[in-house]
Amino acid sequence: MSSFADLRLIVADLDGTLLDDEKQLDAGIVDVIKELEKRDIMFTLASGRNIHIMQPYLKELSLQLPFIANNGANMFQGDACIYEKSMESEELAFAFQQLQQQDIPCIAYTDDVVFTTTLQDARLQFFLNRLRGKTRMKQAVDYRDMLGHAIFKVVMVAKNANVMEPVLHTINAHCESLHAVRSEDDVYTITHVDATKGKTLVRLMELLHVQPKQTMVFGDNFNDATMFSTAGISVCMENGQSEVKEMADYIAKPNTEQGVSRFLKEYVLRYEILNLIKRFAG
């Protein structure tokens, strides 16, 4: 585990981490980011969300740094995509076949259009409503019609984990280039195996000339696990999945109690102040 003294970059997940259960930003994070900047510590995001539904939070945070979207399938600098990893059609066809056999609806994301296989699932409709008016959508499309497009993320909703988990296992076992994972609650995603948050975090660190030991990450769910094994310091929220908590170096207060900003105030900013006092005292 790295030292707080080495910190140059902090990367936080959104849902379940920097957002409370009402999808509002941690109320203390804007002021904390300003204090971090005074100490030359950078702050950015790594989310499973599409850029279009990250935008309100990016604006609220006045984020200037590159950020990770779609579970690592994309990295953006402002509105410009600076990294993208789409999936291979042959293996994606196998994955779609598994979903179809279990009657699991999905949304598929490309650069310029979002496809959906159904309008009947209320949970997926919630995702579509958030995207409406922000990107082009094609609804009630057959799986086969999607395969001619460069798809970088597929989102599925399954209320029954006993149905979805074997499907994820089958996809991961048979498709070497795909990574199927649970993102939050009843939401699951498929991306390219090289498009995880952790692997795209490596690209981000290289871009910013930052080493793993100089990086801290915050997360709560399985799609954050690859960041935990990449960064020098990992912090899981108290509300996080138990398996993810076991991977973390630290546990922060829950997302409903401003866990990220409170942790940064107590451990990072306080550490910097104590260090300053020691230097002057010496």
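Against the condition assigned to a loop (DSSP other than H, G, I, E, B) and of a type outside the set (S, T, Y), how does M54 come out, does it pass? Judged against the criteria, M54 is not a match.
Candidates are the residues of region 73-128 that are among the hydroxyl-bearing types (S, T, Y) and surrounded by 20 or more Cβ atoms within 10 Å (Cβ to Cβ); the one that is modelled with the lowest pLDDT is T117.
No other residue among S183, S229, S177 is among the polar types (S, T, N, Q), in the same structural domain as A69 (by TED's automatic domain parsing) and surrounded by fewer than 24 Cβ atoms within 10 Å (Cβ to Cβ) apart from S229. Scanning region 227-261 for residues that are assigned to a helix (DSSP H, G or I) and in contact with a helix residue (DSSP H, G or I) (Cβ under 9 Å, 6 or more places away or on another chain) gives M227, F228, E243, V244, M247, V260, S261. Just so you know, in region 40-62 the residues that are of a type in the set (A, V, I, L, M) and at pLDDT 95 or above include one that is farthest from the chain's Cα centre (by Cα), and it is I41. Working only within region 1-23, note down all residues that are outside any loop (DSSP other than H, G, I, E, B), among the charged types (D, E, K, R) and closer than 16 Å to Y250 by Cα. Listed by number, the list is empty, since nothing qualifies.
The residues in region 30-54 that are without any contact (Cβ under 8 Å) to a residue 40 or more places away in the chain and surrounded by 13 or more Cβ atoms within 10 Å (Cβ to Cβ) can be counted, and the count is 7. Please verify whether region 229-239 includes one or more residues that are in contact with a Pro (Cβ under 7 Å, 6 or more places away or on another chain), without any contact (Cβ under 8 Å) to a residue 24 or more places away in the chain and more than 18 Å from P66 (Cβ to Cβ). Within region 229-239, one or more residues are in contact with a Pro (Cβ under 7 Å, 6 or more places away or on another chain), without any contact (Cβ under 8 Å) to a residue 24 or more places away in the chain and more than 18 Å from P66 (Cβ to Cβ). Among all positions in region 195-206, there is at least one residue which is more than 30 Å from F96 (Cβ to Cβ) and either free of Cβ contacts under 8 Å to residues at least 60 places away in the same chain or outside the structural domain of N70 (by TED's automatic domain parsing) (or both). Just wondering, is there one or more residues in region 80-102 that are farther than 20 Å from H149 by Cα and acidic (D, E)? Among the residues of region 80-102, not one is farther than 20 Å from H149 by Cα and acidic (D, E), which makes the answer no.
Between V155, V141, which is part of a loop (DSSP other than H, G, I, E, B), hydrophobic (A, V, I, L, M, F, W, C) and in contact with a Phe, Trp or Tyr (Cβ under 7 Å, 6 or more places away or on another chain)?
V141
Within region 133-164, the residues that satisfy the criterion of being modelled with pLDDT of 85 or more, exposed (fewer than 14 other Cβ atoms within 10 Å of the Cβ) and within 23 Å of the chain's Cα centre (by Cα) are R136, A150.
Confirm whether Q64 is farther than 12 Å from T191 by Cβ and in a helix (DSSP H, G or I).
The answer is no for Q64.
Just so you know, in region 103-117 the residues that are part of a loop (DSSP other than H, G, I, E, B) and out of contact with any Leu (no Cβ under 7 Å at 6 or more places or on another chain) include one that is nearest to D145 (Cα to Cα), and it is T117.
Could you grab me the full set of residues in region 24-39 that are in a loop (DSSP other than H, G, I, E, B) and either outside the structural domain of A80 (by TED's automatic domain parsing) or modelled with pLDDT of 95 or more (or both)? Within region 24-39, Q24, D26, A27, G28 meet the criteria.
Applying the condition of being modelled with pLDDT of 90 or more and of a type in the set (D, E) to region 171-202 and asking which residue is farthest from M227 (Cα to Cα) yields E176.
The values are calculated or read from the model by the stated rules, or taken from the named source; none is laboratory data. Small disclaimer: the values here were computed from a predicted structure and weren't measured. Don't worry about glycine lacking a Cβ; one is built from the backbone with ideal geometry, like all the others, and counts go over all protein chains shown.
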